[in-house]
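Okay, so here's the structure we're looking at.
The values are calculated or read from the model by the stated rules, or taken from the named source; none is laboratory data. It should be emphasised that the depicted structure is a prediction, and the values quoted were computed from it without experimental measurement. Ideal geometry is used to build each Cβ from the backbone, glycine not excepted, and the neighbour counts take in all protein chains shown.
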Amino acid sequence: MNTDLMKLTANTIRGLSIDAIQKANSGHPGLPMGMADVASVLFNEHLKFNPKNPNWFDRDRFVLSGGHGSMLLYSLLHLYGYDLSMDDIKEFRQWHSKTPGHPEVQDTAGVETTTGPLGQGLANAVGMALAESIIAAKYNTDTEIINHYTFTMAGDGDLEEGISHEVCSFAGHNKLGKLILFYDSNHITIDGNTSLTYSDDVKKRFESYHWQVLEINGQNYNEIHKAISKAKAENDKPTIIICNTTIGFGSPNKAGTSGIHGSPLGEEEIILTKENLGISTEKFYVPQEVYDFTQETIKKGIEAERIWNINFESYKDNNKDAAKELQNLIEGKIPDFKISEFEAGTKLATRASSGKVIEELAEQLPMLIGGSADLTPSNKTKAKSQSEYSPNNRWGNYIHYGIREFGMAAVMNGIALHGGLIPYGGTFFVFSDYMRSAMRMAALMGIRVIYVLTHDSIGLGEDGPTHQPVEHLSSLRVIPNMTVFRPMDANETAAAWKLALNNTEGPSTLVLTRQGLTTVKRNGRDFADISNAEKGAYAVSDDVDFDVILMASGSEVEIALEAKERLNKDGIEVRVVSFLSQELFDKQSDDYKKTILPSYADKRIAVEAGSSMSWYKYVGDKGKIIGIDNFGASAPYEVLYEKYGITAEAVYNAAKELLK
């Protein structure tokens, strides 16, 4: 290892970072300056990557969990040959640049995940390491065709966030030996020294998680190199490398202070810093010897993938079926699958019908990875054919996440980002509160993650208001790029699963009942074909010259249908619209929307056992909403529906009132 060139590379990273932040007059120079040495050793000596093919499947993953330090990553990507020019570096934090304030996976080649909310990048890294272990165990036969590490860099803020406990405990329990965490221990946060709020013994904490714990001087190249080598040699434990660093290293007047965490240095301090580091004071300067130095690493990466491609061809010859399956995983393809139709009249909770769908899917889709946050029997998320993932069963395709809802959601993001697998995970719908930040990140990144959220309303009954979702449907529906499904019966549940699996542009949420719902007879004179469900909302039962439209989702469609029967007896014609997904309906053409909710039909009623918020845009000025805008109570669900007025009689009365 050429420590002189390594030092020059690290100092060049510092120079690029502080120049870009100064030009933007915004950003966080402290982390890039403090961790430049660790990053340089990692990229130059240990990280397996090919910048000419950033998506090479067997590359090592590097996650900058402290995304505020994004200029560290951007500088690395520029110097090590990714599609990130000096002009891109100069456009840091500008409109539609490749260098946004926090790294975004869809914007910049070489960025593995969108980071910013602290702790979640670390959780994504756990998911990536988990995915690697599953795929490697399943497909490494005569050849180790899958063999890569996941590295992540996190700071005090990441480790203070509660999610770090959830996922690091999970990683240690599952012995994810190819997960390596660099902890930037610089003792500084925005408010000042960490002693204000933080006195954890990190070494003991991670030892209790069953991690290998190493501690180094984060500015000493030999110590960094030896620690990474030792971490890679440990197979049965994830490793944390505690890197004792100085935040803002190199700045004569601001290093080691909170002032350098999140503010530009200023022109004068930048000149003093560059002089102190022994580099040119020219802005955005990269010495040719640094480009020459990193070029050698780039060549090694290109060669590594070339050799891997040769090995993969040999693997294909010797493992035809497995290789074809693995190729589909790498390309993100799912085979054709079938889901049996449910018999009309059958009464099933949609969580139960979802469980039956999962039974079929698990046998057809090798990339499907299930799980639950300690609610498997309640969520009905485990198929009989699925085996439980553990350190002794790495090829298991069902994960027990433990009571770690937030951790589960963020780990699933990492699984999806790794590629090759489609994760789904279950818990009670009310606990989407715990998961919401990770769900939002999945939507922001546009990744295929499926949430199976059961016990969807006051219909769960006796557990009471702590477990009864009220505002949750509306809160998820307002997340951009999130598709929420609330099926009315078993066949709509199957349709929701198909739509979720084929949704490659964002996450999907299946919101499912505890109470039984009758499967509607399809293709009869009064009931629409289930294929219309793919449009999000459709007239499930229709009279020719309808006087009023009843809209509902999930269990309340049954109530609307019962109200229709009563209204029909009074000579009132009714259209009942099932809203499987408001998001899908909103994406339809105006012509389709007008066929379902014609403008002349302004007598509209929406009924849903939840917040009324998301229904106003459909009922219009003259419509009514029957919902719940307060918390529930503990009682049998039949009593709760009666007490809160979520009944066919209430819908009937509302319709009669509208038609006066």
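Of note:
- Within region 559-660, strands (runs of 3 or more DSSP E) holding 2 or more residues that are touching a Gly at 6+ places or on another chain (Cβ under 9 Å) and of a type in the set (K, R): none
- Residue among A606, A650, A601, A654 that alone is under 37 Å from the mean Cα position of the chain (by Cα) and either hydrophobic (A, V, I, L, M, F, W, C) or within 21 Å of S457 (Cβ to Cβ) (or both): A606
- Residue in region 92-104 that is over 22 Å from the mean Cα position of the chain (by Cα) and buried (at least 23 other Cβ atoms within 10 Å of the Cβ) present: yes
- If you go through region 363-421 and keep only what is acidic (D, E) and buried (at least 23 other Cβ atoms within 10 Å of the Cβ), you end up with just E405.
- Pick from region 443-467, criterion within 22 Å of T493 (Cα to Cα) and among the hydrophobic types (A, V, I, L, M, F, W, C), ranking: surrounded by the fewest Cβ atoms within 10 Å (Cβ to Cβ): A443
- Any chance A109 is closer than 17 Å to L42 by Cβ, modelled with pLDDT of 95 or more and among the hydrophobic types (A, V, I, L, M, F, W, C): no
- Every residue from region 193-238 that is in a strand (DSSP E or B) and either among the acidic types (D, E) or under 30 Å from the mean Cα position of the chain (by Cα) (or both): Q212, V213, L214, E215
- Test for L580: is it closer than 16 Å to N532 by Cβ, over 29 Å from the mean Cα position of the chain (by Cα) and surrounded by 19 or more Cβ atoms within 10 Å (Cβ to Cβ): no
- Conditions (1) in contact with a Phe, Trp or Tyr (Cβ under 9 Å, 6 or more places away or on another chain); (2) in contact (Cβ under 8 Å) with a residue 24 or more places away in the chain; (3) outside the structural domain of V411 (by TED's automatic domain parsing); number of the one not met by G332: (1)
- Count - residues of region 239-257 that are part of a loop (DSSP other than H, G, I, E, B), among the β-branched types (V, I, T) and out of contact with any Ser or Thr (no Cβ under 8 Å at 6 or more places or on another chain): 2
- Positions within region 504-528 being within 23 Å of the chain's Cα centre (by Cα) and surrounded by 19 or more Cβ atoms within 10 Å (Cβ to Cβ), in sequence order: G506, P507, S508, T509, L510, V511, L512
- Looking only at residues in region 258-281 that are buried (at least 16 other Cβ atoms within 10 Å of the Cβ) and among the hydroxyl-bearing types (S, T, Y), the one that is farthest from the chain's Cα centre (by Cα) is T273.
- Lone qualifier among F249, F293 - being in contact (Cβ under 8 Å) with a residue 24 or more places away in the chain, surrounded by 22 or more Cβ atoms within 10 Å (Cβ to Cβ) and hydrophobic (A, V, I, L, M, F, W, C): F249
- Per the listing K274, K237, the residue uniquely among the basic types (K, R), under 28 Å from S169 (Cβ atoms) and either touching a residue at least 24 places away in the same chain (Cβ under 8 Å) or not assigned by TED's automatic domain parsing to the domain that holds H68 (or both) is K237.
- Residue that is nearest to G259 (Cα to Cα), among those in region 275-311 that are touching a helix residue (DSSP H, G or I) at 6+ places or on another chain (Cβ under 6 Å) and in a helix (DSSP H, G or I): L277
- Residue match in region 474-482 (condition: touching a Lys or Arg at 6+ places or on another chain (Cβ under 7 Å), in the same structural domain as S378 (by TED's automatic domain parsing), surrounded by 24 or more Cβ atoms within 10 Å (Cβ to Cβ) and not in a loop (DSSP other than H, G, I, E, B)): no
- Any hit, region 622-635, residues being closer than 23 Å to D489 by Cβ, of a type in the set (G, A, S), outside the structural domain of G461 (by TED's automatic domain parsing) and touching a Phe, Trp or Tyr at 6+ places or on another chain (Cβ under 6 Å): no
- Of the residues screened, N318 is one that is over 30 Å from S354 (Cβ atoms) and at pLDDT below 95.
- Flag for S75 being out of contact with any strand residue (DSSP E or B) (no Cβ under 8 Å at 6 or more places or on another chain) and surrounded by fewer than 24 Cβ atoms within 10 Å (Cβ to Cβ): no
- Whether a residue is surrounded by fewer than 24 Cβ atoms within 10 Å (Cβ to Cβ), in contact (Cβ under 8 Å) with a residue 40 or more places away in the chain and at negative phi was assessed, and L42 passes this test.
- Failed criterion for A227 (all others in (1) surrounded by 16 or more Cβ atoms within 10 Å (Cβ to Cβ); (2) touching a Gly at 6+ places or on another chain (Cβ under 9 Å) hold): (2)
- Looking only at residues in region 312-343 that are of a type in the set (S, T, N, Q) and under 32 Å from the mean Cα position of the chain (by Cα), the one that is surrounded by the most Cβ atoms within 10 Å (Cβ to Cβ) is N328.
- Condition check for V557: touching a residue at least 60 places away in the same chain (Cβ under 8 Å) and surrounded by 20 or more Cβ atoms within 10 Å (Cβ to Cβ): yes
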